[in-house]
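Visitor: Structure provided below as structure tokens; questions to follow.
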Amino acid sequence: MEWETVIGLEIHAQLSTKSKIFSGSSTAYGAAPNVQANLVDLGYPGVLPVLNREAVRMAVKFGLAIDAKIARHSVFARKNYFYPDLPKGYQISQYELPIVADGSLEIVLDDGTRKRIGITRAHLEEDAGKSIHEGLPGVTGIDLNRAGTPLIEIVSEPDMRSAKEAVAYMKKVHTLVRYLEICDGNMQEGSFRCDANVSVRPKGSDRFGTRTEIKNLNSFRFVEKAINYEVARQIDILESGGKVVQETRLYDPDRGETRSMRTKEEANDYRYFPDPDLLPLVLDDAFIDEVRASLPELPDQKAARFSEQYGLSAYDAGVLTASRELADYYEEVVRRVPGEPKLAANWVMVELAAALNRDGVEITESRVSAGRLAGLLNRIVDNTISGKIAKEVFEAMWTSGRDADTIIEEKGLRQITDTAAIEKAIDEVLAANPKQLAEYRAGKDKLFGFFVGQVMKATKGKANPAQLNELLKKKLQG
């Protein structure tokens, strides 16, 4: 039997506010345990939560960016459950009336086709604390610094049909929240993570299978591996005559498998009810219009502009706009190397990207600035050096921190553009290889590359390639 996978993601993005969603405690990362949790975060009797206006603004900003409906009237609810790092015994979230609903994002698949992924809702809520299972065996520590940290939970429709689609969607959301500057997207620190709801059904069926939820996936690689494992596990159960149990599971990256955590709760298990300490959230048109005016150029808009303005392919434009910082870097290079957008794109996507990946460096920490990369590319454009030599210069720039012109002069890498000097080198190569010359003139055209290589070797790679090819063709014709 052929099976179809059905996937929906619940993405939790930590909002980049300086204080928590209902208290004035700091949200800064890395503090000692329990020093950033006040009485409101701990749920002490008599304390009252106060909603963070900036968190609301960020949620609305996200909603506008996905072309969703912004609720003029939304309500905070108490989601009741016991967990050691949830001292109040409930989480303040939104349930029936979320602040954002009915949006969508478009993803690009590996074959270049585009697919719309619906976003059911995005609601504001507070994070819980963190249980730490390190130290003494059998002892769990509780760190409540995260308790009350503002989150926006982004719930997709079950529109994804493969792990690759799920990763593409998650990456698109990751890019968007960073463009909007509402979340730093740091997955290692827990600022951006997701729960994956996965089920399978016979191909062609319109009924959903029993789903499982894989909790707290904090890397794109883990999302793909966890979903693929879970799909295979469910298919194996069904084909063996068993039934999939609705449950919450965890992914173990060391073993590459999911394991059962607890039976999946239904909404009524949480006993949602409106939080009596918080008034309904009412937004007016003026506030929403103010947020709309603050929207930056969004990733899809920027990619479309790059294609039109710089003549780039859809693929190149997509790569270069994958982050706001990378797009800014590219545009700075293009500004300094006028008329060469494709050359700039190739160097940013290939040579620069390879160096960044090799050393594990973000674009914002690049050892070669946009201005210095532009300086190197200008030396290619004006024929001071060849593209091949430019790669050698770039490596020296990356390791030494010096600019291209200094390295070119110090190493004597200037390209030979003097026609007489190139002709002299060609004559010497032809004289030293009479057999190959005779064979070429007898019709063995492939030897042209041999002669080019020999002349480049004789000039230590400095002969201008275009001039060399032109002069060599004339000389070989006799």
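Visitor: Count, please, the residues in the range 162-182 that happen to be closer than 20 Å to residue 222 by Cα and either not assigned by TED's automatic domain parsing to the domain that holds residue 121 or not in a helix (DSSP H, G or I) (or both).
Guide: Within the range 162-182, residues that are closer than 20 Å to residue 222 by Cα and either not assigned by TED's automatic domain parsing to the domain that holds residue 121 or not in a helix (DSSP H, G or I) (or both) number 1.
Visitor: Sort out which residues of the range 1-38 are in contact with a Lys or Arg (Cβ under 8 Å, 6 or more places away or on another chain), at pLDDT 95 or above and acidic (Asp, Glu), and write them in order of number.
Guide: Of everything in the range 1-38, just one residue is in contact with a Lys or Arg (Cβ under 8 Å, 6 or more places away or on another chain), at pLDDT 95 or above and acidic (Asp, Glu), namely 4.
Visitor: Right, next: Could you list, in sequence order, all residues of the range 32-48 that are farther than 13 Å from residue 147 by Cα and either among the hydrophobic types (A, V, I, L, M, F, W, C) or touching an Asp or Glu at 6+ places or on another chain (Cβ under 6 Å) (or both)?
Guide: Once the filter is applied, which keeps residues that are farther than 13 Å from residue 147 by Cα and either among the hydrophobic types (A, V, I, L, M, F, W, C) or touching an Asp or Glu at 6+ places or on another chain (Cβ under 6 Å) (or both), the range 32-48 yields 32, 47, 48.
Visitor: Show the residue pairs that are 6+ apart or on different chains and have beta-carbon atoms under 6 Å apart, the first residue being within the range 454-471 and outside the structural domain of residue 425 (by TED's automatic domain parsing), the second being buried (at least 18 other Cβ atoms within 10 Å of the Cβ).
Guide: Filtered contacts from the range 454-471: no entries.
Visitor: Of the conditions (1) of a type in the set (S, T, N, Q); (2) modelled with pLDDT under 95; (3) surrounded by 13 or more Cβ atoms within 10 Å (Cβ to Cβ), residue 240 clears all except one; give me its number.
Guide: All conditions are met except number (3).
Visitor: Of all the helices (runs of 4 or more DSSP H) wholly in the range 424-476, which have at least 2 residues that are out of contact with any strand residue (DSSP E or B) (no Cβ under 6 Å at 6 or more places or on another chain), of a type in the set (Lys, Arg) and within 25 Å of residue 387 (Cα to Cα)? Give the steps one after another, and end with the answer.
Guide: Values: elements: 434-441, 447-458, 465-476.
Helices (runs of 4 or more DSSP H) meeting the threshold: 465-476.
Visitor: Quick check on the range 54-75: of everything there that is in a loop (DSSP other than H, G, I, E, B) and among the aliphatic types (A, V, I, L, M), which residue is surrounded by the fewest Cβ atoms within 10 Å (Cβ to Cβ)? Steps first, answer last, please.
Guide: Start the filter on the range 54-75 by keeping residues that are in a loop (DSSP other than H, G, I, E, B), which leaves 66-68, 71-72, 75.
Next, only the ones that are among the aliphatic types (A, V, I, L, M) stay: 66, 68, 71, 75.
Numbers: 66: 19, 68: 21, 71: 22, 75: 17.
Checking each candidate, the answer is 75.
Visitor: So if I check each of 144, 109, 124, 151, which one is in the same structural domain as residue 260 (by TED's automatic domain parsing), touching a helix residue (DSSP H, G or I) at 6+ places or on another chain (Cβ under 8 Å) and either among the β-branched types (Val, Ile, Thr) or at pLDDT 95 or above (or both)? Outline the logic, then answer.
Guide: Details: 144 fails: either among the β-branched types (Val, Ile, Thr) or at pLDDT 95 or above (or both); 109 fails: either among the β-branched types (Val, Ile, Thr) or at pLDDT 95 or above (or both); 151 fails: touching a helix residue (DSSP H, G or I) at 6+ places or on another chain (Cβ under 8 Å).
Only one candidate qualifies: 124.
Visitor: For the range 349-368, indicate whether the set of residues that are among the aliphatic types (A, V, I, L, M) and more than 19 Å from the chain's Cα centre (by Cα) is non-empty.
Guide: Going residue by residue through the range 349-368, those that are among the aliphatic types (A, V, I, L, M) are 349-350, 352-356, 361, 363, 368.
Imposing the further condition that a residue be more than 19 Å from the chain's Cα centre (by Cα) reduces the set to 368.
Yes, the range 349-368 contains a residue that is among the aliphatic types (A, V, I, L, M) and more than 19 Å from the chain's Cα centre (by Cα).
Visitor: Right, something else. Provide a single number: the residues in the range 212-237 that are of a type in the set (D, E, K, R), surrounded by fewer than 16 Cβ atoms within 10 Å (Cβ to Cβ) and under 29 Å from the mean Cα position of the chain (by Cα).
Guide: Within the range 212-237, the first condition is being of a type in the set (D, E, K, R), and the residues that meet it are 213, 215, 221, 224-225, 230, 233, 236.
Still in the running and surrounded by fewer than 16 Cβ atoms within 10 Å (Cβ to Cβ): 221, 236.
Checking which are under 29 Å from the mean Cα position of the chain (by Cα) leaves us with 221.
Looking only at that region, the number is 1.
Visitor: Could I ask something else about it? Within the range 175-188, does at least one residue satisfy the condition of being polar (S, T, N, Q), in contact (Cβ under 8 Å) with a residue 12 or more places away in the chain, surrounded by fewer than 17 Cβ atoms within 10 Å (Cβ to Cβ) and closer than 23 Å to residue 259 by Cα?
Guide: Yes.
Visitor: How many of the residues in the range 433-453 are free of Cβ contacts under 8 Å to residues at least 12 places away in the same chain and out of contact with any Asp or Glu (no Cβ under 8 Å at 6 or more places or on another chain)?
Guide: Kept after step one, since they are free of Cβ contacts under 8 Å to residues at least 12 places away in the same chain, are these residues of the range 433-453: 434-435, 438-439, 442-447, 449, 453.
Remaining after also requiring out of contact with any Asp or Glu (no Cβ under 8 Å at 6 or more places or on another chain): 434-435, 438-439, 442-446, 449, 453.
Adding up the residues that qualify gives 11.
Visitor: Scanning the range 76-105 for residues that are in contact with a helix residue (DSSP H, G or I) (Cβ under 7 Å, 6 or more places away or on another chain) and in a strand (DSSP E or B), which turns out surrounded by the most Cβ atoms within 10 Å (Cβ to Cβ)? Working first, answer last.
Guide: Of the range 76-105, the ones in contact with a helix residue (DSSP H, G or I) (Cβ under 7 Å, 6 or more places away or on another chain) are 79-81, 87, 99-100, 103, 105.
Imposing the further condition that a residue be in a strand (DSSP E or B) reduces the set to 79-80, 100, 103, 105.
Working: 79: 20, 80: 15, 100: 27, 103: 22, 105: 22.
Selected residue: 100.
Visitor: I'd like the residue in the range 351-367 that is of a type outside the set (D, E, K, R), at pLDDT below 95 and in a loop (DSSP other than H, G, I, E, B) and, out of all such residues, is nearest to residue 329 (Cα to Cα).
Guide: Ranking the candidates gives 361 first.
Visitor: Looking only at helices (runs of 4 or more DSSP H) that lie completely in the range 368-418, which have at least 3 residues being within 18 Å of residue 330 (Cβ to Cβ)? Even if it seems obvious, please write down each step before you answer.
Guide: On the way: elements: 370-381, 387-400, 404-411.
Of the helices (runs of 4 or more DSSP H) lying wholly inside the range 368-418, those with at least 3 residues that are within 18 Å of residue 330 (Cβ to Cβ) span 370-381, 387-400.
Visitor: Identify, please: which residue in the range 16-53 is in a helix (DSSP H, G or I) and either outside the structural domain of residue 92 (by TED's automatic domain parsing) or surrounded by fewer than 16 Cβ atoms within 10 Å (Cβ to Cβ) (or both) and is, among those, farthest from the chain's Cα centre (by Cα)? Walk me through it before giving the result.
Guide: The initial filter retains those residues of the range 16-53 that are in a helix (DSSP H, G or I), namely 39-42, 53.
With the extra rule that they be either outside the structural domain of residue 92 (by TED's automatic domain parsing) or surrounded by fewer than 16 Cβ atoms within 10 Å (Cβ to Cβ) (or both), the set shrinks to 39, 53.
Working: 39: 36, 53: 28 Å.
If we take residues in the range 16-53 being in a helix (DSSP H, G or I) and either outside the structural domain of residue 92 (by TED's automatic domain parsing) or surrounded by fewer than 16 Cβ atoms within 10 Å (Cβ to Cβ) (or both), then 39 is farthest from the chain's Cα centre (by Cα).
Visitor: OK, next. Name the single residue that is nearest to the chain's Cα centre (by Cα) among those in the range 284-317 being acidic (Asp, Glu) and more than 13 Å from residue 179 (Cα to Cα). Lay out the reasoning, then the answer.
Guide: Initial filter on the range 284-317 (acidic (Asp, Glu)): 284-285, 289-290, 297, 300, 308, 316.
Remaining after also requiring more than 13 Å from residue 179 (Cα to Cα): 284-285, 289-290, 308, 316.
Numbers: 284: 33, 285: 32, 289: 28, 290: 28, 308: 23, 316: 15 Å.
Residue satisfying both the conditions and the ranking: 316.
Visitor: While we're here: Can you tell me which residues in the range 131-161 are part of a loop (DSSP other than H, G, I, E, B), of a type outside the set (A, V, I, L, M) and surrounded by 17 or more Cβ atoms within 10 Å (Cβ to Cβ)? It would help to see each step written out before you state the result.
Guide: Of all residues in the range 131-161, those part of a loop (DSSP other than H, G, I, E, B) come to 133-140, 144-149, 157-159, 161.
Remaining after also requiring of a type outside the set (A, V, I, L, M): 133-135, 137-138, 140, 145-146, 148-149, 157-159, 161.
If the condition is that a residue be part of a loop (DSSP other than H, G, I, E, B), of a type outside the set (A, V, I, L, M) and surrounded by 17 or more Cβ atoms within 10 Å (Cβ to Cβ), then 145, 146, 148, 149, 158, 159 are the ones that fit.
Visitor: Restrict the check to the range 367-378 and report whether at least one residue is surrounded by 14 or more Cβ atoms within 10 Å (Cβ to Cβ), out of contact with any Asp or Glu (no Cβ under 8 Å at 6 or more places or on another chain), of a type in the set (Ser, Thr, Tyr) and closer than 30 Å to residue 301 by Cα.
Guide: Within the range 367-378, one or more residues are surrounded by 14 or more Cβ atoms within 10 Å (Cβ to Cβ), out of contact with any Asp or Glu (no Cβ under 8 Å at 6 or more places or on another chain), of a type in the set (Ser, Thr, Tyr) and closer than 30 Å to residue 301 by Cα.
The values are calculated or read from the model by the stated rules, or taken from the named source; none is laboratory data. Computed from a predicted model, the values in this text were never measured in an experiment. Every residue, glycine among them, receives a Cβ derived from its backbone with ideal geometry; neighbour counts consider all protein chains shown.
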